[in-house]
1. Give me the one-decimal nm value for the distance between modelled label points at residue 29 and residue 53, 7 Å along each residue's Cα-to-Cβ direction.
2. Let's see if you can work this out: charge +1 on each Lys and Arg Cβ, -1 on each Asp and Glu Cβ, no other charges. What is the dipole magnitude of the range 24-148 about its Cα centre, in debye to the nearest 20?
3. In a shell of Cβ-Cβ distance under 14 Å around residue 96, excluding residue 96 itself, what net charge do Lys and Arg (+1) and Asp and Glu (-1) give?
4. Evaluate the relative contact order of the range 24-148 (contact order divided by residue number), counting alpha-carbon pairs under 8 angstrom at least 6 apart; express in whole percent.
5. Explain nothing, just compute: Karplus ³J(HN,Hα) = 6.51 cos²θ - 1.76 cosθ + 1.60, θ = phi - 60°, for every residue of the range 53-70 in order, whole Hz, x for Gly and Pro.
6. Computed over the Cα atoms of the range 41-163, what is the ratio Rg over Rh, Rh following Kirkwood?
7. Show the residues, 5+ positions off or on another chain, whose built amide H is closer than 5 Å to the amide H of residue 132.
8. Hey, got a sec? Which trypsin sites (Lys or Arg not before Pro) in the range 59-101 land in a DSSP loop and have at most 14 other Cβ atoms within 10 Å?
Amino acid sequence: MNSDSDLQIAGDILEVPHLLQPPREHPSTVSEFVGLARSIAADRSQWEHLVQYDATSRWYHRLRTGPGYEVWLLSWVPGQGSGLHDHGRSSGVLTVLEGALTERTERDTRALGAGSQRVFAPGYIHEVVNDSLEPAVSLHVYYPGLTEMPMHSAQCAPAVVTA
Ligand SMILES: [Fe+2]
């Protein structure tokens, strides 16, 4: 081969070590956090035995921590909801592991079945409710870890008209 050719200059990709690094131990991008949540969702042995259902108060369990992020497991009995809140300066990934949840924002309401994922940035305001008749389990990745969850008044909830 002619050593002056473009092919020779481009080289063999297998000899370029920086392109072949193994997956990072800890996620640091949105897609990596989404991937982390998907991998935990797919491996029930990581969370199934930890889940508890509490009808009197919200149940949550910190499943994992890493540099700059936390992973929480939450359960929702029918009718339980978060109330309208934001996440302080945290971004997050919400993944439904089991059952179904309903997410309400100022703009819309969406049904989240098992496997559904929502990614949100700091300042995102929502309410999550289990409107179904079965318990639900969800996984929440926060980056940075959640230090506050300010509650909002229900100004964007639909008005309830009573007689
Ligand atoms: Fe939230």
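Each value in this text was obtained by applying a stated rule to the coordinates, not by laboratory testing. Note that the structure is predicted; figures quoted are calculated from it, not measured. Every residue, glycine among them, receives a Cβ derived from its backbone with ideal geometry; neighbour counts consider all protein chains shown.
1. 3.9
2. With only Lys, Arg, Asp and Glu charged at Cβ, the dipole is about 220 debye.
3. 0
4. Details: 277 pairs, mean separation 38.9, N = 125.
Reported as a whole number, the value is 31 percent.
5. Using θ = phi - 60°, the values come out as 10, 10, 6, 9, 8, 5, 9, 8, 9, 7, 7, 7, 10, x, x, x, 9, 9 Hz.
6. Looking at the range 41-163, the ratio lands at 0.96.
7. Residues meeting the amide H criterion: 79.
8. 89
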